[in-house]
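Working notes, structure below.
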Amino acid sequence: MSEGFDRLWAELQPLGRNRTTGGYRRFSWGEADADVRAWFTDAAAARGLTVETDRNGNLWAWWGDPGPDAVVTGSHLDSVPDGGAFDGPLGVVSALAAVDELKRRGVRPDRPFAVTVFVEEEGARFGVPCLGSRLLTGAITAERALGLTDADGVTWERAMEQAGHDPARIGADPDLLGRIGVFIELHVEQGTALIHTDSAVGVAGSVWPHGRWRMDFTGQGDHAGTTRLADRKDPMLPFAQTVLAARAAAKAHDAVATIGKVHVAPNGTNAIPSRVRTWLDARAPDEATLRAVVDHVDAAARSAAAAHDVFHARYEESYTPVVDLDAALRDRVASVIGTADRPVPVLPTGAGHDAGVLASSVPTAMVFVRNPTGISHAPQEFARPDDCHQGVTALADVLADLLAEGRRGAETPGAAGRG
């Protein structure tokens, strides 16, 4: 089992990696994305799986015939700019390695089974995270998705078409969604909770509510050397105050808020900016707290903009409410992985996942693999090989339990994944 994982990991690791930063730049419908999609297709086919691309660009590798009440596992292969190796790919590689392990054990699924790869999970190119799963479930409309643009003004419609797919077909897919009986996502831990335990794996309990808000500060571009301070309408000043306000609001509400992306126009050393466009990422344990954080930041931004005679506008680009993952499935997964003497840790997470999107439509659970650095979305993201191997074993155990559903019938709690 470890050899299969290690071989798959070695094959995938170089694809889309920037030699200068050591981070990954796997953006949807780009060259690196095509490379990792081809890698997945070949790896799945080598295991006798039949690969399909759905209308939204998500990949599905079926073991046997597709059908209803399927057990599905997987994650994503795209990355944030200069992201780490494990966020997303660990779940995909582990799923394929788990197939090897199930076959080694002689498991023959009594339910349909698939490994999936969701497109644009990070939202790094087109701004909306979990876009593939949002489209599948209808959480975002096809019209809005088609019009999303990247930093160069290329639309999702155009990029998808250039990658060889038909954008006219995108949108909610109730038939495909209806095939999923249960979804299990393995993911590297994005935090430090498991470091303080003797467990290499944990189980997710809930996903914090989170969202992204774009803020535009529009002033007056002018000459940096000839324009008096009193005559300036400089949007950089309210932007800077907003960055500080986001930190203060998060600290005051025991939440997290980050401004990590900014576009400045015209972006010249000797020019006063005419516009600053930035994005706020905010997350909190509950929705009321999250809204309070965002409202605090927005009020500070508006006040600062008015003080500098700058126009301010805010747009909500994405929002995900609190997600309580299926309790019966969570307990079932925890009981399979853990024991009475060593129960598996159950953890909340502030990170968004395709599992969180799917949870509104199908029973969903997540398995986390320990990250000794606690770092994610950066090249230092890491999981030890031994912990990865334990993650594969845990995933295979869970899948074997779920795939044996047909033999046990509906008497097991969470039977057919809908307990």
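So here's what we get for this one:
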quantity	calculated
From Thr218, Thr242, residue being in contact with a Lys or Arg (Cβ under 7 Å, 6 or more places away or on another chain) and of a type in the set (Ser, Thr, Tyr)	Thr218
Any pair with Cβ under 8 angstrom, 6 or more apart, that starts in the range 355-369 at a residue that is under 18 Å from Val119 (Cβ atoms) and ends at one that is assigned to a strand (DSSP E or B) and open to solvent by 10 Å² or more (accessible area, probe 1.4 Å)	Gly356/Thr320; Gly356/Val323; Val357/Thr320
Contacts under 6 angstrom Cβ, first residue in the range 46-75 being more than 22 Å from Leu402 (Cα to Cα) and in contact (Cβ under 8 Å) with a residue 40 or more places away in the chain, partner among the aromatic types (Phe, Trp, Tyr) and surrounded by 15 or more Cβ atoms within 10 Å (Cβ to Cβ), 6 or more apart	Asn58/Phe118
Residue within the range 367-387 that is open to solvent by 10 Å² or more (accessible area, probe 1.4 Å), modelled with pLDDT of 95 or more and under 30 Å from Gly138 (Cβ atoms) present	no
Residue list for the range 266-284, restricted to those being of a type in the set (Gly, Ala, Ser) and either open to solvent by 40 Å² or more (accessible area, probe 1.4 Å) or farther than 29 Å from Gly352 by Cβ (or both)	Gly268, Ala271, Ser274
Test: residue in the range 236-256 that is open to solvent by 50 Å² or more (accessible area, probe 1.4 Å) and within 21 Å of Pro129 (Cβ to Cβ)	yes
Cross-chain or 6+ apart pairs with Cβ under 8 Å, the range 86-115 first and farther than 23 Å from Arg179 by Cβ and open to solvent by 20 Å² or more (accessible area, probe 1.4 Å), then outside any loop (DSSP other than H, G, I, E, B) and not charged (D, E, K, R)	Asp100/Gly4; Arg105/Ala396; Arg105/Ala400
Inter-residue pairs, beta-carbon under 8 Å, first basic (Lys, Arg) and in the range 246-273, second open to solvent by 70 Å² or more (accessible area, probe 1.4 Å) and assigned to a helix (DSSP H, G or I), 6+ apart	none
Qualifying residues in the range 285-302 (those that are out of contact with any helix residue (DSSP H, G or I) (no Cβ under 6 Å at 6 or more places or on another chain) and open to solvent by 80 Å² or more (accessible area, probe 1.4 Å)) - the one nearest to Ser206 (Cα to Cα)	Arg291
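The values are calculated or read from the model by the stated rules, or taken from the named source; none is laboratory data. As the structure is a computational prediction, the values presented were derived from the model and not from experiment. Virtual Cβ from ideal backbone geometry, glycine too; neighbours counted across all protein chains shown. Heavy atoms of the whole protein, side chains included, go into the accessibility calculation; ligands, DNA and RNA do not. Shrake-Rupley method; radii C 1.70, N 1.55, O 1.52, S 1.80 Å.
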